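Some notes on the structure that comes next.
The values are calculated or read from the model by the stated rules, or taken from the named source; none is laboratory data. Quick caveat: nothing in here was measured; it's all calculated off a predicted structure. Cβ placement follows ideal geometry from the backbone for every residue including glycine, while neighbour counts extend to all protein chains displayed.
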Amino acid sequence: MPSSQPPSQPTSKPRADLARLIADARRLVVFTGAGISTESGIPDFRSPGGVWSKMKPIYFQDFVSDPARRREAWERAFSGRAGWVGREPNAGHFAVARLVAQGKATAVITQNVDNLHQASGVPADKIIELHGNASYATCLECAERHELDELKESFLKAGEIPYCRRCGGLVKTATISFGQAMPLEPMARAEAATLDCDTFLVLGSSLVVHPAAGFPLMAKQNGAKLAIVNREPTDLDAYADLVLRDEIGPAMTAAAPAN
């Protein structure tokens, strides 16, 4: 997406500048990627040693059409091989939760599926999950929610692939798989929050997965300040008002300390 204004120069300013940018914000949106959760021991997707270097993704159409791939998907979910759930929030998550509790952050847009923002205390109505949530399952027909613990016993004991208790439809973990349409309601909520913010803070995203990666530039083009905290460079660094190559937990603890 081309910029409507010349890019600002990235900086390597310290954590104090991040604290100042957050303090000056009136309507802050936090956008999180895998990098905020690696400090909790959850692997990212694309780096060497990440999830997709160890096992290939199962595409949505394969899940729907092929019982063998569907069974494989459930074996992954119940074995925990992907490592997406079962961890604890870290300092970065708790710093974000403090910003929400203070009324500083109006929304948390996340690419993650690990449920750690909820576990850190962020109210569910403040979290916009672009790629779904791996901690529960939903019916692909009627959207009935199913808890994984309820499905796990019959799968492990009897090998039964889950079907919806309400309508009999296919049940899948509530994540957005490759080839699956992005959810319209979270995307609309994310766009509205992005256009309403005066500061957009990216934490731990490589900003390569679209359409989610379009929100930071959308905010910048709409006049918001843009800050990016990530261990590696991103394609949007040149547009940011502040760029930190830093660990998210320590940087956010310094910028948004507990009282």
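So which of Pro250, Pro211 ends up being closer than 21 Å to Glu39 by Cβ, in the same structural domain as Ala107 (by TED's automatic domain parsing) and either of a type outside the set (A, V, I, L, M, F, W, C) or part of a helix (DSSP H, G or I) (or both)? Lay out the reasoning, then the answer.
On the way: Pro211 fails: closer than 21 Å to Glu39 by Cβ.
One residue alone meets the criteria, Pro250.
Specify which of the listed residues (Ser154, Ser120) is small (Gly, Ala, Ser) and within 15 Å of the chain's Cα centre (by Cα).
Working: Ser154 fails: within 15 Å of the chain's Cα centre (by Cα).
Exactly one of Ser154, Ser120 is small (Gly, Ala, Ser) and within 15 Å of the chain's Cα centre (by Cα), namely Ser120.
What is the one condition in (1) more than 21 Å from Gly35 (Cα to Cα); (2) of a type in the set (Asp, Glu); (3) modelled with pLDDT of 95 or more that Asp237 does not satisfy?
(1)
With Ile161, Ile127 as the choices, which residue is β-branched (Val, Ile, Thr), closer than 20 Å to Glu75 by Cβ and either modelled with pLDDT under 95 or within 15 Å of the chain's Cα centre (by Cα) (or both)? Spell out the reasoning first.
On the way: Ile127 fails: closer than 20 Å to Glu75 by Cβ.
So the residue among Ile161, Ile127 that is β-branched (Val, Ile, Thr), closer than 20 Å to Glu75 by Cβ and either modelled with pLDDT under 95 or within 15 Å of the chain's Cα centre (by Cα) (or both) is Ile161.
Looking at region 177-229, which of its residues are farther than 30 Å from Gly41 by Cβ and without any contact (Cβ under 8 Å) to a residue 12 or more places away in the chain?
Ala181, Leu184, Glu185, Ala188, Ala192
Please specify each residue of region 85-102 satisfying the condition of being in contact with a Ser or Thr (Cβ under 8 Å, 6 or more places away or on another chain) and at pLDDT below 85.
Selection gives Val85 alone.
Name the single residue, out of those in region 235-248 being under 20 Å from Ala25 (Cβ atoms) and under 19 Å from the mean Cα position of the chain (by Cα), that is surrounded by the fewest Cβ atoms within 10 Å (Cβ to Cβ).
Out of the qualifying residues, it is Asp246.
So Glu191 fits all but one of (1) over 19 Å from the mean Cα position of the chain (by Cα); (2) farther than 18 Å from Ala34 by Cβ; what number is the exception?
So the condition that Glu191 fails would be (1).
Taking region 144-158 only, how many residues are in contact (Cβ under 8 Å) with a residue 12 or more places away in the chain and either assigned to a loop (DSSP other than H, G, I, E, B) or of a type in the set (D, E, K, R) (or both)? Give the derivation first.
Of the residues in region 144-158, the ones in contact (Cβ under 8 Å) with a residue 12 or more places away in the chain are 144-146, 148, 151-152, 155-156.
Now drop any that are not either assigned to a loop (DSSP other than H, G, I, E, B) or of a type in the set (D, E, K, R) (or both), which leaves 144-145, 152.
Residues that pass the stated criteria total 3.
Check off (1) exposed (fewer than 15 other Cβ atoms within 10 Å of the Cβ); (2) in a loop (DSSP other than H, G, I, E, B); (3) of a type in the set (D, E, K, R) for Glu185 and give me the number that stays unchecked.
All conditions are met except number (2).
At pLDDT below 90 and buried (at least 16 other Cβ atoms within 10 Å of the Cβ), is that true of Pro48? Show your work before the answer.
Details: at pLDDT below 90: yes; buried (at least 16 other Cβ atoms within 10 Å of the Cβ): no.
No: the conditions fail for Pro48.
Would you call Ala174 touching a residue at least 40 places away in the same chain (Cβ under 8 Å) and touching a strand residue (DSSP E or B) at 6+ places or on another chain (Cβ under 7 Å)? Before you say what the answer is, go through the steps one by one.
Numbers: touching a residue at least 40 places away in the same chain (Cβ under 8 Å): yes; touching a strand residue (DSSP E or B) at 6+ places or on another chain (Cβ under 7 Å): yes.
Yes: the conditions hold for Ala174.
Let me confirm something: among Met187, Met182, Met252, which residue is touching a helix residue (DSSP H, G or I) at 6+ places or on another chain (Cβ under 6 Å) and of a type outside the set (Gly, Ala, Ser)? Let's see the steps before the verdict.
Values: Met187 fails: touching a helix residue (DSSP H, G or I) at 6+ places or on another chain (Cβ under 6 Å); Met182 fails: touching a helix residue (DSSP H, G or I) at 6+ places or on another chain (Cβ under 6 Å).
Of Met187, Met182, Met252, the one residue that is touching a helix residue (DSSP H, G or I) at 6+ places or on another chain (Cβ under 6 Å) and of a type outside the set (Gly, Ala, Ser) is Met252.
Quick one: which of Glu191, Glu232 is in a helix (DSSP H, G or I), in the same structural domain as Lys104 (by TED's automatic domain parsing), acidic (Asp, Glu) and surrounded by fewer than 20 Cβ atoms within 10 Å (Cβ to Cβ)? Write out each step before concluding.
Details: Glu232 fails: in a helix (DSSP H, G or I).
The conditions single out Glu191.
Would you say Ser12 is modelled with pLDDT under 70, among the hydroxyl-bearing types (Ser, Thr, Tyr) and more than 15 Å from the chain's Cα centre (by Cα)? Before you say what the answer is, go through the steps one by one.
Details: modelled with pLDDT under 70: yes; among the hydroxyl-bearing types (Ser, Thr, Tyr): yes; more than 15 Å from the chain's Cα centre (by Cα): yes.
So Ser12 passes the test.
Regarding region 214-234, can at least one residue be identified that is among the acidic types (Asp, Glu) and modelled with pLDDT under 95?
Narrowing region 214-234 to residues among the acidic types (Asp, Glu): 232.
Then keep just the ones that are modelled with pLDDT under 95; that gives 232.
So far as region 214-234 goes, yes, one or more of its residues are among the acidic types (Asp, Glu) and modelled with pLDDT under 95.
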